[in-house]
1. Between the stretch 1-20 and the stretch 21-45, how many Å separate their Cα centres?
2. Students often check this: by mean Cβ neighbours within 10 Å, which of 161-170, 11-20 ranks highest, and how do the rest follow?
3. Could you grab the relative contact order for the chain? Cα pairs under 8 Å, six or more apart, rounded to a whole percent.
4. In which sequence would 98, 36 go, from the one with the fewest C-beta neighbours within 10 Å to the one with the most?
5. Hey, fewest Cβ within 10 Å first, where do 76, 136 land in order?
6. Would you calculate a helix-derived [θ] at 222 nm for the chain, using -39,500 (n - 2.57) for each DSSP H run of n ≥ 4 and dividing by the full residue count, to the nearest 500?
7. Restricting to the stretch 47-172, what percent of DSSP beta bridges are antiparallel, rounded to 5?
């Protein structure tokens with residue numbers, strides 16, 4: 001199945017000049033969604049990991065299904081002030097400003113090997129922050145798996161240059 005055919009592209013969203021890659025058309029199709037989960041699992045089989053983390057919020061859609069099927073704990077990397085217990089927190093730069101993500105301090109243990117899943121990688125700022133949260137918690141990033149790589153924005157390349165392993169299912173140019 002060609003998953004690219006199930007991604008809707010929306011011009012000038014969320015602002016003028018952006019071509020938004022919409023996964024809602026992928027996840028509303030049960031066959032395409034199942035194929036996506038199967039492909040994420042296939043990509044992850046090459047790596048040793050004992051926990052799965054995802055970046056809020058669209059990463060949760062994919063990671064929770066993978067976590068369930070692989071019988072591995074699922075860790076939520078959330079926006080600031082969304083987790084109720086003690087957290088590790090990291091601020092990072094986005095293309096259009098700054099943001100903060102957090103993880104519960106008791107979610108990741110020393111030497112845990114964590115697979116990080118998200119729907120899309122653009123410049124890689126959020127993904128790099130996610131990796132730093134895992135490392136701040138004492139864990140190691142086993143690999144990143146992204147459904148979509150916006151290849152000309154170089155986020156995957158930047159993660160690889162920093163020593164992370166990166167897999168993706170489909171690629172589009174970024175805008």
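1. If we compute the Cα centre of each part, the gap is 16 Å.
2. Highest mean packing first, the order is 161-170, 11-20.
3. 19 percent
4. So the ranking, lowest neighbour count to highest, is 98, 36.
5. 136, 76
6. The per-residue figure over the chain is -8500 deg cm²/dmol.
7. If we restrict to bridges inside the stretch 47-172, about 30 percent are antiparallel.
Read-outs: derived from the displayed coordinates by stated rules, not from any lab. Since the model is a prediction, treat every value here as computed from it, not as a measurement. Glycine also receives a Cβ, built like all others from the backbone with ideal geometry; neighbour counts cover every protein chain displayed.
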